[in-house]
Amino acid sequence: MFGGRFQHVCEQCFHQSPRKVSLTDLCQSHPRPVPLLAHIITDSTRKQCHAIRPMPYAPHVRMCAHSSRGFLCREENGHCPNAHSEVELAVWKVEQKYGLTRSAIQDDTGENIGFYCRLCLVSASTQESFEAHCSSLEHGRILAADSLQVWNHRDPPDRMKRCFICENPSQCIYGEGCEKAHSQEELQEWILRVKISRRNKQVVEEESLQSYRDRLMQEYQHSSSDNPVLSEEGEVIEGIKVICDSPLEIKSEQKPVKKDWNFTVHSKGLTICSEEL
Ligand SMILES: [Zn+2]
Ligand SMILES: [Zn+2]
Ligand SMILES: [Zn+2]
Ligand SMILES: [Zn+2]
């Protein structure tokens, strides 16, 4: 009915950040992987991997309201009592009705999918290529709920925290460029899009799916120390060393002063860029 394969994946890998999809037999990180049934559909560009969690003890199983409205449910790791995919719901229903044995639907062959972005349904075999995905334009667009669904109205204005309705849409001088909604429907759509994007951001932060730059920014904002990002000595950010060729502070009697600093950024023994400021 759904195509794809049912396979047991390592639960520990599946719930780590970032998420990883490894078959229980092929997991190299956990000596005793806990099996979690998953449904995997692969085509050339997208990989869908849905966990089929144990059936909840409820008289009626139903879809999670978050998942069905395009939100990512934050209780994905087992606590939400509702299904997060059509296939999970279908398996639960069959289990409830006919007492299905899960091993009967499991497929024998399969391959490791690797690091998995459940926002974009994209996988990567190495940490580096996964980082690259998380920094990609497409990932950013999906994060901002731009390509999640087909929207009927204009894109909401950038960096909007609250959406407003235009007082006079029919004679508005800003036309298509107006930062306020031109109809009640447009306003409702904007509110939904802002909500989805905010929810996705939370999930992305919790599951380490943000781009490397955003993660550094977040770590820096949340760090309690007053460490400067740039320092003449040592590693301020783990794995990264920034070296400057001359002192960061200069004193001068006359103004204006022109001064060049050369920064070299080393990451894990590899020089990634050298910039002149
Ligand atoms: Zn594992
Ligand atoms: Zn849920
Ligand atoms: Zn992604
Ligand atoms: Zn307007």
Computed over region 1-40, the relative contact order (Cα-Cα under 8 Å, seq sep at least six) in percent reads 52
Too long for a 32 Å Cα-Cα cut-off, among K201/K258; K47/K195; K47/K97; K20/K241; K20/K93; K20/K195, are K201/K258
Any lysines whose Cα falls less than 29 Å from that of K255, other than same-chain ones fewer than 8 residues away, would be none
The percentage of the accessible area of region 5-129 (probe 1.4 Å, all protein chains present) made up of carbon and sulfur atoms, to the nearest whole number, is 49
Using a 1.4 Å probe on heavy atoms of the protein chains only, the accessible area for F164 in Å², nearest 10, reads 100
Yeah, region 22-70 with a ≥ b ≥ c from its alpha-carbon gyration tensor (a/c under 1.5 is rounded, else prolate when a/b outruns b/c, oblate otherwise) is oblate
On the accessible surface of region 145-220, probed at 1.4 Å with all protein chains in place, carbon and sulfur together account for a percent value of 49
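Taking 0.36 nm per residue of sequence separation and subtracting the Cα-Cα distance, how much length would be gained by fully extending the chain between S103 and Q202, in nm to one decimal? Write down the numbers at each step before the final one.
Working: separation 99, 0.36 × 99 = 35.64 nm, distance 3.49 nm.
Residue separation times 0.36 nm, minus the Cα-Cα distance, leaves 32.2 nm.
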Plugging the Cβ-Cβ distance of H60 and Q12 into 1/(1 + (r/R0)^6) at R0 = 22 Å yields, to the nearest 0.05, a FRET efficiency of 0.10
Here the residues of region 190-208 lying in the modelled label zone of H153, meaning backbone nitrogen under 19 Å from a point 7 Å along Cα-to-Cβ, are 190-199
Taking R0 as 30 Å and r as the Cβ-Cβ distance between E249 and E219, the FRET efficiency 1/(1 + (r/R0)^6), rounded to the nearest 0.05, comes to 0.75
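Fully extended, how many nm does the chain gain between H79 and N262 (0.36 nm per residue separation, minus their Cα-Cα distance)?
60.8 nm
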Computed D for region 145-220, Stokes-Einstein, Kirkwood radius over alpha-carbon pairs, 10 °C, 1.306 mPa s, to the nearest µm² per second, is 113
The lysines whose Cα lies under 16 Å from the Cα of K180, excluding any fewer than 8 residues away in the same chain, are K161
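If R₀ is 25 angstrom, what is the calculated FRET efficiency for the pair E179 and R141, using the beta carbon separation as r and rounding to 0.05?
Working: r = 20 Å, r/R0 = 0.81.
Result of the calculation: an efficiency of 0.80.
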Result for region 145-220: accessible area per residue, probe 1.4 angstrom, in square angstrom, of 68
Checking region 134-213 for GluC sites (Glu not before Pro) in a loop per DSSP with at most 10 other beta-carbon atoms within 10 Å yields E167
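The values are calculated or read from the model by the stated rules, or taken from the named source; none is laboratory data. All values derive from a computational prediction rather than experimental measurement. For neighbour counting, all protein chains shown are included, and Cβ atoms are generated from backbone atoms with ideal geometry for every residue, glycine included. The area values use the complete protein model at the heavy-atom level, side chains included, leaving out ligands, DNA and RNA. Shrake-Rupley method; radii C 1.70, N 1.55, O 1.52, S 1.80 Å.
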